[in-house]
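A short write-up of the structure that comes next.
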Amino acid sequence: MLSAMNLLDRQSARRHDEAYLNQLLAAPQTQLIALVGAKPVIRSNAERTAATLATIDPVVCPGGPPKLDDVMFLGVDTTTGTALFARSFTAEQAQALDPQGATLAPAVDLRSLAMQGVLAPQELGTAATAAALQAWHDSARFCGRCAAPTVSRNGGWSRHCGTCNVSHFPRTDPVVIMLVTAGDKCVLARQSAFPENMVSAIAGFLEPGETIETAVIRETEEEIGIRVHDVTYLASQPWPFPHTLMIGCRAETTHHPLKVDPSELESAQWVSRQDTRRMLANTHPDGLWVPGPHAIARTLISLFAQEKI
Ligand SMILES: [Zn+2]
């Protein structure tokens, strides 16, 4: 087991070197992150208030040491030099990894882990990379051009179709998430799928041909009927459900009445800075609250609450 995960060097320039990757895979220090489907296996206490990603020695893999085609190369720990791969197992195989079954949770939903904040940020980032990559492999087994089977290449970072000689690469879907502000107020909204009383910034997919700014302007107008005039990029966050990049922005407007699109949102409202502070502290009189520390929406709302934007 790795006691703590440090920064990973992805070594993207060496992924094409099969001899190097095979050498890493066979090295005694090397560890595998286990997934069931695209869900990471974790070790945790019974209350699941503390957890780490479960890592295993490749030589104890059910069915024997894995071949390069079966694994995804995540990188090399910059502190220890330990190479880290990920591999997907069946639920039965994952059970066999931990005969005692005392501490291993075989398949944990990554969204729950992110929301609960029980994994250290670096581990959550590593789990997110592995889960997003595995979700892509699961949907890219056949060539989108000719429908022939594809094979994994470059340590799991591409798939190749031998029939039409085309390589396919993992996709990332950009989403703009924007805090619409007017002076001392911002817009927070609810989707019907949100947990009860949770409100957040509005968001939408960036379309082909759009800049970040034009996507923010279009989505804001579509969802809440507001024309924004100034868009500022603030931060971004990979969100592996299944392979999204959240692009966090502030969008300024003059105060307008909201016209909510009911096909997108359940409700939206202007909220004062003081009320955003109450929502962040879970002391809002109506019980309204905002997403947790691992969500970029909270970063945007916190910057507004602290008068930094
Ligand atoms: Zn093909």
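Would you point out which residue out of T90, T55, T49 is within 19 Å of A132 (Cα to Cα), open to solvent by 60 Å² or more (accessible area, probe 1.4 Å) and among the β-branched types (V, I, T)? Give the steps one after another, and end with the answer.
Working: T55 fails: open to solvent by 60 Å² or more (accessible area, probe 1.4 Å); T49 fails: within 19 Å of A132 (Cα to Cα).
Answer to the check: T90.
When only residues in segment 271-289 that are touching a residue at least 24 places away in the same chain (Cβ under 8 Å) and more than 20 Å from L258 (Cα to Cα) count, which is farthest from the chain's Cα centre (by Cα)?
In this case the residue turns out to be D286.
Being within 19 Å of V290 (Cα to Cα) and among the β-branched types (V, I, T) is the requirement here; does V231 meet it?
no
Step by step: first the residues of segment 213-242, then only those that are open to solvent by 60 Å² or more (accessible area, probe 1.4 Å) and without any contact (Cβ under 8 Å) to a residue 60 or more places away in the chain, then the one that is nearest to L303 (Cα to Cα). Which residue is that?
Here the answer is Y233.
Rundown of residues vs (1) in contact with a Ser or Thr (Cβ under 8 Å, 6 or more places away or on another chain); (2) at pLDDT 80 or above, yes/no style:
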{"site": "R48", "(1), (2)": "no, no"}
{"site": "T52", "(1), (2)": "yes, yes"}
{"site": "I56", "(1), (2)": "no, yes"}
{"site": "G63", "(1), (2)": "no, no"}
{"site": "K67", "(1), (2)": "no, yes"}
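Test of understanding: among I177, I217, I247, which residue is at pLDDT 95 or above and touching a Gly at 6+ places or on another chain (Cβ under 6 Å)?
Being at pLDDT 95 or above and touching a Gly at 6+ places or on another chain (Cβ under 6 Å) holds for just one of I177, I217, I247, which is I177.
Taking segment 276-297, which residues are modelled with pLDDT under 95 and surrounded by fewer than 18 Cβ atoms within 10 Å (Cβ to Cβ)?
G292, P293 - these are the residues of segment 276-297 that are modelled with pLDDT under 95 and surrounded by fewer than 18 Cβ atoms within 10 Å (Cβ to Cβ).
If you scan segment 243-260, which residues turn out to be part of a loop (DSSP other than H, G, I, E, B) and either of a type in the set (S, T, N, Q) or open to solvent by 40 Å² or more (accessible area, probe 1.4 Å) (or both)?
Of everything in segment 243-260, those that are part of a loop (DSSP other than H, G, I, E, B) and either of a type in the set (S, T, N, Q) or open to solvent by 40 Å² or more (accessible area, probe 1.4 Å) (or both) turn out to be T253, T254, H255, H256, P257, L258, K259, V260.
Just one of T181, T126, T150 is open to solvent by less than 40 Å² (accessible area, probe 1.4 Å) and within 18 Å of the chain's Cα centre (by Cα); which is it?
Answer to the selection: T126.
The values are calculated or read from the model by the stated rules, or taken from the named source; none is laboratory data. None of these values were measured; they are calculated from a predicted model. Here Cβ is always computed from backbone atoms with ideal geometry, including for glycine, and neighbour counts include all displayed protein chains. Protein only, heavy atoms only, side chains kept; ligands, DNA and RNA dropped before computing areas. Shrake-Rupley method; radii C 1.70, N 1.55, O 1.52, S 1.80 Å.
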